[in-house]
Amino acid sequence: MATYHALICSKLVEYLDEMFRIQANNPLIPVLSESKKGKLPGEKSFFEVSTDNVIVSTFKKCEDDNNVVVRAYDIEGKDSKVNINSFF
């Protein structure tokens, strides 16, 4: 069991390292636009996750239909039941 856990942790570190390299080499580019009328909240998340040990890493539209594919991972190495809600 410890070997399996170490392998998962090793893969997670490799994944996070790769994500950091991608983000470092592709910075966000701000774009200015005209002011729009409307009200937005001061803070809004795409997803609300019910447990603190699960992080949503990415999401995309499904290629076959209009569903959304969500990729999430556990940061503590434990089994958890999780609810993920979205505003859309």
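The values are calculated or read from the model by the stated rules, or taken from the named source; none is laboratory data. This one's a predicted model, so the numbers in the text were calculated from it and none came from an experiment. Positions of Cβ are backbone-derived with ideal geometry, glycine not excepted, and every protein chain shown enters the neighbour counts.
Between a residue in region 65-80 that is within 13 Å of T51 (Cα to Cα) and hydroxyl-bearing (S, T, Y) and any residue that is modelled with pLDDT of 85 or more and surrounded by 10 or more Cβ atoms within 10 Å (Cβ to Cβ), which pairs come within a Cβ distance under 7 Å, given they are 6 or more apart or on different chains?
Filtered contacts from region 65-80: Y73/I55; Y73/S57; S80/T51; S80/N53; S80/V54; S80/D74.
Residue by residue through region 32-63, note down the ones that are within 26 Å of Y15 (Cα to Cα) and assigned to a loop (DSSP other than H, G, I, E, B).
Passing the criteria: S45, F46, S50, T51, D52, N53, C62, E63.
Would you check if V82 is surrounded by 10 or more Cβ atoms within 10 Å (Cβ to Cβ), assigned to a loop (DSSP other than H, G, I, E, B) and among the hydrophobic types (A, V, I, L, M, F, W, C)?
When the stated conditions are applied, V82 passes them.
What number of residues in region 64-74 are closer than 17 Å to L12 by Cβ, surrounded by 12 or more Cβ atoms within 10 Å (Cβ to Cβ) and not aromatic (F, W, Y)?
Total satisfying the criteria: 2.
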